[in-house]
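First the structure, in the form of structure tokens, and then the observations on it.
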Amino acid sequence: MRSSQILRVMRAVVCAVIALSGVATVSDAQPLFRSDSLIDVTITTNLRDLVRERDSTELAWFGAAFSYKIGDSTVTVPTELRARGHFRRQKGNCSFPPLFVRVKGPDARGTLLQGNPRTKITTSCRPGDSDYDQYILQEYGVYRMYQLLNPIHPRTRLARITYEDSAARMKPITVYAFFGELDEEVAKEHKMTLREEMKGARFRDVEPVALQSMALFALMVGNSDWSLGALHNVYLLQDTMGVIRTVAYDWDWVGLLNTKYSRPDYRLPIKSVAERYYMGPCYTEADWLPSVIKFQAAKPAVDSLWTSIPGLTDNKRQQVSRYLSQFWQILEKPKELSRITKSCRAEGN
């Protein structure tokens, strides 16, 4: 069998594995993450104070009514909200912060939130600004791509959320947002242990296949805002055999989005996050081959994903398509992949 035929067979096998792993993940999911369909949610809370309460070191929780429809019926769940995050939580950067929503077990039983005691909500940084509203849809798309390519991942669910002020001191805000799974929930789902104490970890400390896939994904979306050693936008999960796997998250500073507020670290030799800069381990052309085959096999699913995200403008779809097209071209040329990854780190980053 010729080498080109072998590659085609390997890609077909990888496609089948990707499809089967996706089915298994969905079937085991909690209700919120059991579907990829858009959900409409209304959250009523002390909105004005919630939006203001975010620069403190001890952030307050605010009672909230979380409502959604099932058929002609409306389900309302008592919950609590709190601001979260770092850059987007600060008033000087964003007019609306990312949030946590939490719910008590008895209140969640039989509802969309069952099985998720605490969940992330990522909302537009500046509701009503068309660019910022689009960033949310693009960031959601990056999470979905990561899910396609990495079997251990935080799950997400796209939503159209209306935030209402219980005291009517603010006008309602209706925006696209997405729910995201916490790292401890990902660990629980996969029967693994979250290793938060492993700051200073080196590449040799973690499972190599997951690390390579994560590093190539970072190149794919133009992510230079990650560090294994600092556990920055990366967390580590350990299985029962002691094997430690990497999981990446938080994509609003990647080149594929190229947000107005993102900028590369001053120590890096790039002027824009849109410039791909590789920060992962060093690999030969032969070393790269398994991940390259996996990513190429996933290309049809990746392309299809971006055509299915509601609310994304044609301009943004084209921007994403152009950015990913450059990546696919890199994968077609092993020497180009070797060239662009010469900035690799031997031990860690």
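The values are calculated or read from the model by the stated rules, or taken from the named source; none is laboratory data. It should be emphasised that the depicted structure is a prediction, and the values quoted were computed from it without experimental measurement. Methodologically, a virtual Cβ is constructed for each residue, glycine included, from the backbone with ideal geometry; neighbour enumeration extends over all protein chains shown.
Remark: residue 224 matches the filter, which requires a residue to be out of contact with any Ser or Thr (no Cβ under 7 Å at 6 or more places or on another chain) and polar (S, T, N, Q). Any residue at all in the range 208-222 that is in the same structural domain as residue 268 (by TED's automatic domain parsing), touching a residue at least 24 places away in the same chain (Cβ under 8 Å) and over 21 Å from residue 293 (Cα atoms)? No, the range 208-222 contains no residue that is in the same structural domain as residue 268 (by TED's automatic domain parsing), touching a residue at least 24 places away in the same chain (Cβ under 8 Å) and over 21 Å from residue 293 (Cα atoms). The residue list 314, 265 contains one member that is charged (D, E, K, R), at pLDDT 95 or above and either touching a helix residue (DSSP H, G or I) at 6+ places or on another chain (Cβ under 9 Å) or surrounded by fewer than 16 Cβ atoms within 10 Å (Cβ to Cβ) (or both), which is 314.
Among the residues of the range 168-182, is there at least one that is within 18 Å of the chain's Cα centre (by Cα) and among the polar types (S, T, N, Q)?
For the range 168-182, residues within 18 Å of the chain's Cα centre (by Cα) and among the polar types (S, T, N, Q): absent.
Scan the range 141-157 and tell me whether some residue there is more than 14 Å from the chain's Cα centre (by Cα), within 22 Å of residue 42 (Cβ to Cβ), modelled with pLDDT of 95 or more and crowded, with 17+ Cβ neighbours inside 10 Å. No: the range 141-157 contains no residue that is more than 14 Å from the chain's Cα centre (by Cα), within 22 Å of residue 42 (Cβ to Cβ), modelled with pLDDT of 95 or more and crowded, with 17+ Cβ neighbours inside 10 Å.
What about residue 160, is it closer than 24 Å to residue 237 by Cβ, modelled with pLDDT of 95 or more and of a type outside the set (Asp, Glu)? Give the steps one after another, and end with the answer.
Numbers: closer than 24 Å to residue 237 by Cβ: no; modelled with pLDDT of 95 or more: yes; of a type outside the set (Asp, Glu): yes.
Taking the combined requirement at face value, the residue does not satisfy it.
For the range 49-136, the strands (runs of 3 or more DSSP E) that sit wholly inside it and include 2 or more residues that are more than 24 Å from residue 311 (Cα to Cα) and of a type in the set (A, V, I, L, M) are 62-70, 73-83.
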